[in-house]
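Engineer: Structure incoming, see below.
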Amino acid sequence: MTTKKNAGHSGLGAAASPAQKKSPLSPRDRLAHVIDAEIGKKMRAMYDDLLDQPIPDRFVELLKKLDDGRENNPQ
Amino acid sequence: MTIEPALRDSLLAATPNLRAFAVSLTGSFDRADDLVQDTLLRALSHIDRFERGTNLYAWLFTILRNLFHSEYRKRKREVEDVDGTYAARLKTAPDQGSWLDFQDFRAALAKLPADQREALLLVGAQGFSYEDAANIMGCAIGTVKSRVNRARMRLAALLSLENVEDLGTDRLMRAIA
């Protein structure tokens, strides 16, 4: 079960990591990697900002009800 | 309805991720929160079907994604131009914190077909493996890869990332060198 904030970045960022394949990339491919990295960076900035927002009360309440139910109807 | 506290906590921990995905997918906080609520209710009512110890996130995202698409199909009957309505919703989205800071990116994301948008978000933002994303989207791994690649190319064009100046001289020199 994943408990980390994200399930692990195996996607876009990985394409531009220093640990690239040994085979030399053409300038065009290397530029493509830079572009992919830029998109990954922008997207994660947007996504991380959303992740940092507080959970609306309605969801906390919804899940908290389960606790009450458990206390009232122990199984 | 009762579930073990550890699983309840995991559901709570996953909620920000479900919400981030739903907001990115729909472009609307209101619609996203309805989607997340429906996802949690569906998950709770089917919690016995969740195999303990397997990937809870993948299970929840599958539910959310299926709900999104069944809603999408319903809406499609009402509104023909789905992409157009998405763009319209973006314009009227409430100012919610730094959400506006990412306006350019969101506008570009909104122009992607839904299947490319969700593939890119699952892999590139949420960090699912291609295999998990394929299970969530109910398609082949190769299809996920191709959707992600097309999404990236389209986004690069929309954001004018091919433009040399946007990348900065240093980075370009390093890229070409």
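Engineer: Which ³J(HN,Hα) values in Hz, rounded to whole numbers, follow from the phi angles of segment B:32-45 under the Karplus curve 6.51 cos²θ - 1.76 cosθ + 1.60, where θ = phi - 60° and Gly and Pro get x?
Structural biologist: 5, 5, 4, 5, 5, 4, 4, 5, 5, 5, 5, 4, 5, 6
Engineer: Still on this model: Roughly what percent of Cα-Cα pairs across segment B:10-50 reach past 17 Å?
Structural biologist: The proportion of pairs with Cα distances above 17 Å equals 28 percent.
Engineer: Would you calculate the separation in nanometres between label points at A:L25 and A:A45, each defined as 7 Å from the Cα along the Cα-to-beta-carbon direction?
Structural biologist: 2.0
Engineer: Pop out the ³J(HN,Hα) list for segment B:149-155 in order, Karplus 6.51 cos²θ - 1.76 cosθ + 1.60 with θ = phi - 60°, rounded to Hz; leave Gly and Pro as x.
Structural biologist: 5, 5, 4, 5, 5, 5, 5
Engineer: Something else: Order these by the 10 Å Cβ neighbour count, fewest first: B:K74, A:K65, B:K145.
Structural biologist: Listing B:K74, A:K65, B:K145 from fewest to most nearby Cβ atoms yields B:K74, A:K65, B:K145.
Engineer: Above 14 angstrom, tally the Cα pairs of segment B:102-150 and express them as a % of all pairs, no decimals.
Structural biologist: Across segment B:102-150, Cα pairs with separations above 14 Å total 45 percent.
Here, each number is a calculation from the coordinates, and none is a lab measurement. Because the structure is predicted, anything quoted here is derived from the model rather than measured. Every residue, glycine among them, receives a Cβ derived from its backbone with ideal geometry; neighbour counts consider all protein chains shown.
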